[in-house]
Amino acid sequence: MTRPQLELKNYLAKQGLLKTNVLKEAFTKVDRKDFVLKENTLLAYEDFPIPIGFGQTISQPSTVAFMLDLLDIEPGQKILDVGSGSGWTTALVAKAVGPTGQVFAVEKIKELVNFGLHNLAKYKLKNISMEISGKKIGLPSEAPFDRILVSAAAEYLPNDLIKQLKTNGVMIIPIKNSVWKITRKSKTEILKQEFPGFMFVPLR
């Protein structure tokens, strides 16, 4: 781990983020620098979003840490990453679930799928599947999931994604300017918690 990487992890921890050892380890093992464009390498450890092309960004580290804390990842889980972009959050989640877990990543923009796959190849993670999004949101063919992470802002809560959660599964999704934690307690009971004050690129 490089010194700037350690400083970023320590900064996030001091903000009250990275609440589990699983996440601390993931942020230790996965370097944000490996997921930005070459011209932005010097900005990789700053706490703000960075453009990755096609109107998309690699998210702000403190926002990613906040969302992953809410996601409550445990080793061995099956997780869907919607809007995987550069692959950074995909790699963090893959490290967190460990070799017994699985991460399915989907991205709408073909060029970013290729960019993400190129970045992820640096880590040789064998528990990741990344592909271009289909016509339906999420990945119904692999559902249900223990956790779903959405990294771009929806206009409303997509019911099709809720259906892809297991019972007691959790989804973290930005809706407009808030982050929402959605827990599927049963087929009919859905718990919703709102955390306002965020900005995301729109979900495509």
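Since every read-out is calculated from the coordinates, none of them should be taken as a lab result. Predicted model only: the values in this text are computed from it and were never measured. Virtual Cβ from ideal backbone geometry, glycine too; neighbours counted across all protein chains shown.
Odds and ends about this structure:
- Only residues that are touching a Ser or Thr at 6+ places or on another chain (Cβ under 6 Å) and closer than 20 Å to LYS124 by Cα were counted in region 34-47, giving 1.
- Of the residues LYS19, LYS33, LYS24, LYS9, the single one that is within 23 Å of GLN77 (Cα to Cα), part of a helix (DSSP H, G or I) and either of a type outside the set (Asp, Glu) or under 16 Å from the mean Cα position of the chain (by Cα) (or both) is LYS24.
- Matching residues in region 148-183 - criterion: being assigned to a loop (DSSP other than H, G, I, E, B) and either free of Cβ contacts under 8 Å to residues at least 24 places away in the same chain or more than 18 Å from PHE66 (Cα to Cα) (or both): GLU155, TYR156, LEU157, PRO158, LYS163, GLN164, LYS176
Okay, residues lined up against (1) under 12 Å from the mean Cα position of the chain (by Cα); (2) farther than 17 Å from LYS181 by Cβ; (3) in contact (Cβ under 8 Å) with a residue 40 or more places away in the chain:
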| position | (1), (2), (3) |
| --- | --- |
| GLN60 | yes, yes, no |
| PHE66 | yes, no, yes |
| GLU74 | no, no, yes |
| GLN77 | no, no, yes |
| GLY87 | yes, yes, yes |
| ALA94 | yes, yes, no |
| PRO99 | no, yes, no |
| ALA105 | yes, yes, no |
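- Criterion (surrounded by 13 or more Cβ atoms within 10 Å (Cβ to Cβ), within 21 Å of THR57 (Cα to Cα) and touching an Asp or Glu at 6+ places or on another chain (Cβ under 9 Å)) met by exactly one of VAL170, VAL106: VAL106
- Looking only at residues of region 50-108 that are of a type in the set (Gly, Ala, Ser) and assigned to a strand (DSSP E or B), we find that the one that is farthest from PRO202 (Cα to Cα) is ALA105.
- Check on SER141, surrounded by fewer than 18 Cβ atoms within 10 Å (Cβ to Cβ) and in a strand (DSSP E or B): no
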